[in-house]
Amino acid sequence: MRVPVLTYHSNNISGNDYATNDHVALAADLRLIHRKGLRIVPLTQVVDVLMGGASPSTVAHAVAITFDDGSWFDWHDLDHPTCGMQRGFAGILRDFSGETGAFVHATSFVIVSPDARATLDRTCLAGLGWWDDDWWVAAQREGLLSIESHSWDHNHHTLPETAQREQRKGTFLTIDTYRDADAEVRAAADWLDGLLSPHRSSLLAWPYGEASRYMLDDYLPTHQAEHRLRACFGTEPAPVEHSSARWNLPRFVCGSHWRTAGELDQLLIAATERD
Ligand SMILES: [Zn+2]
């Protein structure tokens, strides 16, 4: 088993070319993946294989796609204030599937707290109400995008108050006590499950790709009945293999681990060569 998990941020729009716009990159990359004869599989299928619940053949020659932060750009087509009309990630997936007939699926790791998103909409986006969760139920129902957790509030540095007990923000390494882990992880799962029932949230992507030793060694292994997570994803650039750490599975991030279609091509060759 060697499955590259590719990560995109729909808020990454500072221009309209591959290097400055994750929407342009995603559209190009889906077609590259298809041309290379690789399949796209849901992230849950990768976790099923990792945990022995499915045959490795179900993820052979495959990649999985994930999105982080969960703004409207994951779902809606929007007129960006400086870069013009942007096809939403969901539309890009549908366009690709319509063009090629290939199966496509992605997992959106969303910031769960409504209050946090309302503030982030002003501090990180244009303040136009583009971080609402009104699309999550429709996305989950359609089956194109799965909605999973990117924590309660990302412990984001622009929020006036986060769940972190000492307000040490801008990192997830400071989420290192039971109380803070419970507030960031279990509370987020409860909120998502309430909204998306009967879907049960079971995956999490670490904000900033960071997880404390307490989180990895204590909270996640010993409080499974509370947080109900099957696996967590970080940002170590490697494919998911049987030996990968369940609570910090690797992912490749667009813009960090590859910046051109050529670099993604090389990355995919290296990541899948022993398949
Ligand atoms: Zn994030």
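Where in the chain lies the longest segment free of GluC sites (Glu not before Pro) that are both loop residues by DSSP (not H, G, I, E, B) and have at most 10 other Cβ atoms within 10 Å?
Values: sites that count: GLU166, GLU273.
In the chain, the maximal stretch lacking such sites is 1-165.
Given the rule -39500 (n - 2.57) for each run of at least 4 DSSP H residues, summed and divided by the residues of the chain, what is its mean residue ellipticity at 222 nm, to the nearest 500 deg cm²/dmol?
Numbers: 9 runs with 81 residues, N = 275.
So the helix-based figure for the chain works out to -8500 deg cm²/dmol.
Can you classify the chain as rounded, prolate or oblate using the Cα gyration tensor, where a ≥ b ≥ c are the square roots of its eigenvalues, rounded means a/c under 1.5, and otherwise it's prolate if a/b beats b/c and oblate if not?
Working: a/c = 1.58, a/b = 1.13, b/c = 1.40.
It comes out oblate by the Cα gyration axes.
Report the charge-dipole magnitude of the chain in Debye, nearest 20, computed about the Cα centre from +1 at each Lys and Arg Cβ and -1 at each Asp and Glu Cβ.
Values: 23 positive and 37 negative charges, 126 e Å.
Dipole size: approximately 600 debye.
Residues with amide H under 5 Å of ILE65's amide H, sequence separation 5 or more or different chain, H placed in the peptide plane at 1.01 Å from N; which?
Amide H neighbours of ILE65: LEU6, VAL41, LEU43, THR107.
Give me the number: length gained by fully extending ARG228 to THR82, i.e. 0.36 nm times residue separation minus the C-alpha to C-alpha distance, one decimal in nm.
Numbers: separation 146, 0.36 × 146 = 52.56 nm, distance 4.12 nm.
Contour length minus Cα-Cα distance gives 48.4 nm.
Laboratory data are not the source of any read-out in this text; all were calculated from the coordinates shown. As the structure is a computational prediction, the values presented were derived from the model and not from experiment. Using ideal geometry, Cβ is built from the backbone for each residue, glycine included, and neighbour counts are taken over all protein chains shown.
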